[in-house]
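The values are calculated or read from the model by the stated rules, or taken from the named source; none is laboratory data. All figures in this text were calculated on a predicted structure; none of them were measured in a lab. Here the Cβ positions follow ideal geometry from the backbone for every residue, glycine too, while neighbour counts run over all protein chains shown. Ligands, DNA and RNA are stripped out before the accessible areas are found, and what is left, the full protein with its side chains, is counted by its heavy atoms. Shrake-Rupley method; radii C 1.70, N 1.55, O 1.52, S 1.80 Å.
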Amino acid sequence: MASSLIRKQKGIIMDNTEEREKPKHGEVWLHSSGIAFWVIGVCEHTETGEEYVVCKNLRTRGNSARTMASFMREIDRDKHPDNPAQYRFTKLTKKEKKWFFRKKPKEMPINPIHEATGRALPNTQEIWRHFKRKSDYLIMTCCYNPEEETRFVAYTRLSDGKAFIRPMDMFMSEVDHEKYPKAVQKWRFEKVL
């Protein structure tokens with residue numbers, strides 16, 4: 001039934017992704033494969049400044065992050081000539097959205113360990129502090145980018161609500177005390193609550 005919900009975009013085919021409405025928190029977007037994704041948020045990459053869409057796969061309940069350009073682009077007709085969708089992701093209507101929330105979500109494992117540091121990974125709704133800015137950040141989610149094969153942490157600065165995304169290894173890394181000799185914290189981010 002999910003694949004039957006794929007809708008073609010009506011109107012003119014748009015080459016520029018800026019002309020399409022960008023995803024927002026709480027919306028459900030359907031991937032061209034028929035899998036629905038709930039948008040957790042749109043974050044800015046801390047190193048590149050690029051926008052990422054962080055979302056939860058409603059089939060597997062796993063979290064993923066994709067660049068805005070990748071999320072909004074049209075389907076590659078050479079790879080998928082028979083797919084009726086025009087875009088990789090299409091926003092669902094309220095009626096279509098209800099269908100995907102009819103089942104109770106599966107429980108996800110909590111607090112796995114970061115292999116390189118041996119530290120517990122951040123969980124949703126925890127508050128972590130950055131060593132340099134002394135700002136507190138609310139963890140949105142940990143996620144995976146299948147195109148880059150990279151794990152990320154998505155988080156929001158509590159002071160102004162701005163959302164960021166950072167590679168997991170960088171988030172969990174130690175502070176370079178040669179570069180930052182006055183840094184008090186051992187880790188780049190440390191859990192507060």
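Could you please find all residues in the stretch 56-76 being in a helix (DSSP H, G or I), more than 21 Å from residue 171 (Cβ to Cβ), open to solvent by less than 40 Å² (accessible area, probe 1.4 Å) and not hydroxyl-bearing (Ser, Thr, Tyr)?
Of everything in the stretch 56-76, those that are in a helix (DSSP H, G or I), more than 21 Å from residue 171 (Cβ to Cβ), open to solvent by less than 40 Å² (accessible area, probe 1.4 Å) and not hydroxyl-bearing (Ser, Thr, Tyr) turn out to be 71, 72.
Which of the residues spanning the stretch 173-193 are within 16 Å of residue 124 (Cβ to Cβ) and assigned to a strand (DSSP E or B)? Full working, then the answer.
Start the filter on the stretch 173-193 by keeping residues that are within 16 Å of residue 124 (Cβ to Cβ), which leaves 189, 191-193.
If the condition is that a residue be within 16 Å of residue 124 (Cβ to Cβ) and assigned to a strand (DSSP E or B), then 189, 191 are the ones that fit.
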Working only within the stretch 24-39, note down all residues that are within 14 Å of residue 96 (Cβ to Cβ), over 11 Å from the mean Cα position of the chain (by Cα) and crowded, with 19+ Cβ neighbours inside 10 Å.
28, 29, 30, 31, 36
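Whether any residue in the stretch 94-103 is among the aromatic types (Phe, Trp, Tyr), at pLDDT below 90, more than 16 Å from the chain's Cα centre (by Cα) and crowded, with 18+ Cβ neighbours inside 10 Å is what I want to check.
Going residue by residue through the stretch 94-103, those that are among the aromatic types (Phe, Trp, Tyr) are 99-101.
Checking which are at pLDDT below 90 leaves us with 99-101.
When the remaining residues are screened for being more than 16 Å from the chain's Cα centre (by Cα), the result is 99-101.
From what's left, crowded, with 18+ Cβ neighbours inside 10 Å: 100.
Yes, the stretch 94-103 contains a residue that is among the aromatic types (Phe, Trp, Tyr), at pLDDT below 90, more than 16 Å from the chain's Cα centre (by Cα) and crowded, with 18+ Cβ neighbours inside 10 Å.
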Residue 21 assigned to a loop (DSSP other than H, G, I, E, B) and either at pLDDT 90 or above or surrounded by 15 or more Cβ atoms within 10 Å (Cβ to Cβ) (or both):
no
Restricting the first residue to the stretch 24-46 and requiring it to be under 14 Å from residue 141 (Cβ atoms), which pairs with a second residue that is open to solvent by 30 Å² or more (accessible area, probe 1.4 Å) and assigned to a loop (DSSP other than H, G, I, E, B) meet a Cβ separation below 8 Å and a spacing of at least six or different chains?
39/24; 39/25; 40/25; 41/25; 42/22; 42/24; 42/25
For the subset of the stretch 127-155 comprising residues that are part of a strand (DSSP E or B) and polar (S, T, N, Q), which member is most open to solvent (accessible area, probe 1.4 Å)?
150
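In the set 42, 53, which member is outside any loop (DSSP other than H, G, I, E, B), open to solvent by 30 Å² or more (accessible area, probe 1.4 Å) and either in contact with a Pro (Cβ under 7 Å, 6 or more places away or on another chain) or modelled with pLDDT of 90 or more (or both)?
Working: 53 fails: open to solvent by 30 Å² or more (accessible area, probe 1.4 Å).
After ruling out the rest, the residue left standing is 42.
In the stretch 156-172, which residues are assigned to a strand (DSSP E or B) and either in contact with a helix residue (DSSP H, G or I) (Cβ under 8 Å, 6 or more places away or on another chain) or not hydrophobic (A, V, I, L, M, F, W, C) (or both)? Walk me through it before giving the result.
Step one: filter the stretch 156-172 for residues assigned to a strand (DSSP E or B), giving 156-157, 163-167.
Of everything in the stretch 156-172, those that are assigned to a strand (DSSP E or B) and either in contact with a helix residue (DSSP H, G or I) (Cβ under 8 Å, 6 or more places away or on another chain) or not hydrophobic (A, V, I, L, M, F, W, C) (or both) turn out to be 156, 157, 166, 167.
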